[in-house]
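The values are calculated or read from the model by the stated rules, or taken from the named source; none is laboratory data. Just so it is clear, the structure is predicted and the values come from calculations on it, not from any experiment. Glycine gets a Cβ as well: all are built from the backbone with ideal geometry, and neighbour counts include every protein chain shown. We work out accessible area using only protein heavy atoms, side chains counted, and drop any ligands, DNA or RNA first. Shrake-Rupley method; radii C 1.70, N 1.55, O 1.52, S 1.80 Å.
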Amino acid sequence: MTAQFLDRMDPDTALVNPHKNKITLMKRIGISAVLVFAIVGIALGVVYHVYPQAALKVINIAYEWRAGVEFKSMEIDGYEIPYYEGGEGETLVLIHGFGDSMVSFLQTSAFLTEKYRVILPGVQGFGETSKVLDRDHSIRTQVETFHKFFQKLGLKEFYLGGNSMGGHISAAYALQYPKEIKRLILLNAAGLRLPGELPYSHSEESIETEADFDKYLGKVFVKKPWVPGPLKFYLIEKWKENHDSYNLIKEQIRRGQDYLLNGRVSAFTKKTLVLWGRQDKIVRLAIGEAYHKELPNSQMEIYDPGGHSPQYEFPERTAKTILQFLEE
């Protein structure tokens with residue numbers, strides 16, 4: 001009876017062979033792990049294709065964790081302003097550009113929060129902020145809203161910078177409240193006008209197709225990032241959804257105060273970093289050179305090759321450039 005029982009047992013699991021038993025257990029654990037990862041991978045794939053915004057959220061959470069920042073929000077004049085905050089040390093505020101969101105500087109912040117308290121606020125009318133289109137979104141209104149925001153955070157003196165429209169807001173803020181700003185950082189900043197240009201011009205066409213989306217990426221980046229199909233179509237739908245509101249905000253900026261800073265930025269005399277991508281097709285390098293010429297205490301760094309958003313295209317390099325400027 002015992003012999004027949006042993007004959008029917010799998011030799012790899014028989015008690016008479018404990019060494020083989022351990023090997024088989026390890027094999028089974030390995031196979032189980034592979035199966036678990038496969039199932040998780042399939043599940044994530046399904047979520048990614050059906051709910052790409054959820055996949056995008058997971059990616060942002062990973063960037064948040066890496067940067068060591070926490071999502072927060074604050075109410076200013078009945079308007080909710082979301083922001084990231086993390087790190088210790090002197091305060092560095094970085095403001096995103098038009099059509100972007102507070103995630104703009106997340107990747108770069110991973111290299112900044114070790115030495116600075118970094119704050120990444122959302123700009124009214126974009127990203128995670130609520131859409132209240134009967135509000136004024138002019139540059140001066142953005143400046144005054146941020147002034148209340150910074151006061152509520154208890155900021156007295158801090159470093160301020162931004163990309164594109166965020167750089168425009170930062171420059172206007174430095175002119176309005178120069179005593180608060182220790183140093184200024186302008187990354188491909190709007191705010192100056194050269195002959196033949198109309199900043200924040202009305203957009204007749206929205207981004208409707210995959211070809212439109214790829215063309216837009218070509219304007220922002222020298223080397224276009226790979227964007228998977230489901231995420232690309234999700235972003236196209238979001239852009240179509242916001243097309244009219246973006247044009248309304250552009251009109252409010254053109255009609256409002258601080259639309260153009262030509263002839264005024266020279267009043268800010270503290271150290272300023274002007275960081276630009278040579279191949280920027282949205283805010284040309286000539287604008288950066290004009291900023292550098294007008295600002296009496298500025299230094300210029302040109303990325304070549306480089307596009308409109310160095311914090312996306314070169315997050316670590318951008319952080320190192322900022323750190324070097326702040327610490328020299």
(request) Determine the per residue accessible area of region 101-162 with all protein chains present and a 1.4 angstrom probe, expressed in square angstrom. (result) 34
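Rounded to the nearest 0.05, what FRET efficiency do Glu241 and Ile61 have when you use their Cβ-Cβ distance and R0 = 30 Å?
Values: r = 23 Å, r/R0 = 0.78.
Between Glu241 and Ile61 the formula returns 0.80.
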(request) Report the net charge of residues surrounding Leu198, where surrounding means a beta-carbon distance below 14 angstrom and charges are Lys +1, Arg +1, Asp -1, Glu -1. (result) +2
(request) For region 206-302, give the percent of accessible area contributed by carbon and sulfur heavy atoms, probe 1.4 Å, rounded to a whole number. (result) 51
(request) Treat each spin label as a single point 7 Å out from the Cα along the C-beta direction, and report the Lys115 to Arg278 distance in nm. (result) 2.6
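Please work out the average accessible area per residue across region 257-328, using the 1.4 Å probe convention, and give it in Å².
Numbers: 3280 Å² over 72 residues.
Using a 1.4 Å probe on heavy atoms only, each residue of region 257-328 averages 46 Å².
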(request) With 26 Å as the limit, write out which pairs from Lys182/Lys320; Lys131/Lys250; Lys240/Lys281; Lys223/Lys293; Lys131/Lys293 have Cα-Cα distances beyond it, or answer none. (result) Lys223/Lys293; Lys131/Lys293
(message) Considering the Cα positions of region 117-212, please state its Rg to one decimal place and its Dmax as a whole number of Å.
(response) 15.2, 47
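Phe233 to Tyr177: extension gain in nm, 0.36 nm per residue of separation minus the Cα-Cα distance?
Numbers: separation 56, 0.36 × 56 = 20.16 nm, distance 4.15 nm.
Contour length minus Cα-Cα distance gives 16.0 nm.
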